[in-house]
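Have a look at the structure below, then the notes.
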Amino acid sequence: MRSPFRRKNNEKSGPQPVESHQKSLARPSAEDIYKQVANNARQELKRSNVSLAISGFAGGAFMGLSALGLAIGMALLGSSPTAHLLASMLYPLGFIVVILGRSQLFTENTLYPVALVLAEKREFWNTLRLWSIVLPANIVGALAFSAMAARTPALEPRYVEALTHLGVQGLAHPPGALFWSGVIGGWMIALAAWLVSGSHSITGSVVLIWMLTFVVGAGSFAHCIASSCEILVAVLTGHASWSAYAQWLGPAVAGNICGGVGLVTVLEYGQAIYGKETEDILKVAAQEERRLKAEEEAQKAS
């Protein structure tokens with residue numbers, strides 16, 4: 001019987017040694033995460049308008065899962081503070097689906113392309129193009145979910161009622177409070193996107209997204225897409241007006257942008273770049289981009 005410890009002849013063809021495996025699981029540096037964020041941004045900015053619109057529509061519709069999870073929990077558990085906390089455990093569902101499924105989400109895009117623009121100014125207009133497509137597409141997707149929830153018998157009446165209640169609650173805040181609530185919401189979502197870029201596994205990514213977005217749901221912080229799914233149900237059921245939604249959307253979007261761009265992108269970019277030569281990092285990122293392009297061309301040729 002061959003000993004399992006005799007591996008000298010099979011080292012080249014066998015699995016990688018433990019030391020190499022452990023190295024791949026090393027904690028990534030801020031520079032490593034930034035490089036991944038920059039590569040993700042380049043891939044997203046290359047997508048066509050149609051591709052961005054379809055992905056944005058799907059992202060907005062999928063965010064309805066967060067609103068639905070929270071509403072189902074509230075309908076089943078009640079409206080007490082403890083019930084809200086427990087129901088908020090289902091709130092991350094939509095974010096997990098959208099972020100891991102790589103659908104376009106506006107608040108996630110306050111991180112990736114902006115981090116790239118800080119180093120490569122030529123991508124500024126391309127980033128505005130992405131935003132101008134993804135945000136409306138997200139809202140249309142959220143509206144599609146809300147129409148299905150409010151205008152079809154897909155959901156039990158108590159779940160529709162809970163969604164409506166959450167939407168009315170979301171509209172109750174004054175613009176100033178709504179803006180700062182949006183700052184925290186945008187900060188948490190962009191931070192989740194940053195940390196996922198440094199995660200080694202799907203399980204780790206799920207845990208990171210769940211922890212951060214759970215806080216968003218538990219704290220009822222404004223998110224321009226997830227909260228839209230709730231508010232639009234209230235509009236479609238006649239408990240709120242379209243003008244009230246429009247007045248809510250402006251401060252929510254502004255807060256999410258400031259939270260994502262100001263509190264994450266700038267700070268994390270500074271952490272990754274400060275004291276380093278920007279050119280060195282961009283050179284490595286450009287080499288990676290060329291490698292990916294060569295692989296795509298090779299696949300097309302084959």
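The values are calculated or read from the model by the stated rules, or taken from the named source; none is laboratory data. Since we're looking at a predicted model, the values are computed, not measured. With ideal geometry, Cβ positions are generated from the backbone for all residues, glycine too; neighbour counts draw on all protein chains shown. Remember, those area values only see protein heavy atoms, side chains included, never the ligands or the DNA or RNA. Shrake-Rupley method; radii C 1.70, N 1.55, O 1.52, S 1.80 Å.
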Determine how large the accessible area of Tyr91 is when every protein chain is in place; take a 1.4 Å probe and give Å² rounded to the nearest 10.
10 Å²
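For the chain, what does -39500 (n - 2.57) per DSSP helix run (n ≥ 4), summed and divided by total residues, give at 222 nm, in deg cm²/dmol to the nearest 500?
Per the formula, -23500 deg cm²/dmol.
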Apportionment of accessible area to carbon and sulfur, the chain, percent (1.4 Å):
63 percent
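Using only the alpha carbon atoms of the stretch 95-142, find the Kirkwood hydrodynamic radius as the inverse mean reciprocal pair distance, in angstroms to one decimal. Intermediate results must be reported in sequence, preceding the final value.
Numbers: mean 1/r = 0.0885 Å⁻¹.
Radius from the Kirkwood sum: 11.3 Å.
Accessible area per residue of the chain at 1.4 Å probe, in Å²?
Working: 15690 Å² over 302 residues.
With all protein chains present, the chain gives 52 Å² per residue.
If we sort 128-138, 52-62 on the protection proxy, mean other Cβ atoms within 10 Å, highest first, what's the order? Please report the intermediate quantities before stating the final value.
Numbers: 128-138: 19.9, 52-62: 23.3.
Per-residue Cβ counts within 10 Å, averaged per peptide and sorted highest first, yield 52-62, 128-138.
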For the chain, build the convex hull from the C-alpha positions and give me its volume per residue in Å³.
202 Å³
Longest principal axis of the chain (C-alpha) makes with the long axis of helix 226-236 (C-alpha) an angle, in degrees to the nearest 10, of 30 degrees
What is the local net charge at Ala162, summed over the other residues whose Cβ is closer than 15 Å to its Cβ (Lys, Arg +1; Asp, Glu -1)?
-2
Between the stretch 93-149 and the stretch 184-254, what's the alpha-carbon centroid distance in Å?
12 Å
For Leu85 paired with Ala154, estimate the spin-label separation in nm (one decimal), with each label point 7 Å from Cα along the Cα-to-Cβ line.
3.3 nm
